[in-house]
């Protein structure tokens with residue numbers, strides 16, 4: 001009995017001394033591999049928080065002055081700088097996101113419920129007659145236009161004729177002729193025609209004195 005117990009103990013010991021080098025070698029291999037894949041993450045963060053820096057960061061920017069969009073259907077184009085993580089020693093890459101600030105003829109509920117899911121102040125249910133869209137078409141990433149006369153949409157963007165309740169300024173993509181209604185009360189930027197899978201993404205903004213300041217853009221890509 002004692003001899004059998006000694007054999008079992010010997011086997012367990014042999015397994016142990018065989019396993020330890022394997023585990024050590026695995027850790028020694030994975031650690032530099034993770035650092036290679038994510039060099040902009042601190043060494044210990046790779047193990048417990050590898051995605052901490054994956055959220056895009058926007059640079060707060062003035063999109064327009066309040067006076068520039070004082071009347072219904074006034075608009076102004078602007079460019080927002082978004083920083084995305086890239087796994088090189090530089091850490092970030094910059095991208096320009098074109099946008100458009102619009103003054104609508106009536107207040108609508110702003111589509112900002114996405115904000116609460118990415119750690120921003122919850123602004124669900126807020127109403128305003130100012131809305132700010134990304135001009136990147138959700139279909140394939142072309143830059144669409146704000147068209148102040150719906151007849152120009154009919155003439156230059158595939159012949160689309162909106163119903164009577166939508167015969168106002170629209171947004172239209174010249175690449176694949178997606179048409180959007182920026183003033184739809186239940187879904188701002190609603191797709192009226194074309195292949196776009198969803199409305200354009202929107203910006204978070206604040207009015208600071210006489211300036212309209214964009215602070216972030218809705219996350220997500222194109223179709």
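Read-outs throughout are calculated quantities, based only on the coordinates presented, and are distinct from any laboratory measurement. Please read these numbers as outputs of a predicted model, since none were measured by experiment. Please note: Cβ atoms are built from the backbone with ideal geometry, for glycine as well, and neighbour counts cover all protein chains shown.
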FRET efficiency estimate (nearest 0.05) - Cβ-Cβ, residue 15 to residue 207, R0 41 angstrom: 0.05
Shape call, segment 128-205: gyration tensor on alpha carbons, a/c limit 1.5: oblate
FRET efficiency, residue 96 to residue 164 (Cβ-Cβ, R0 35 Å, nearest 0.05): 0.40
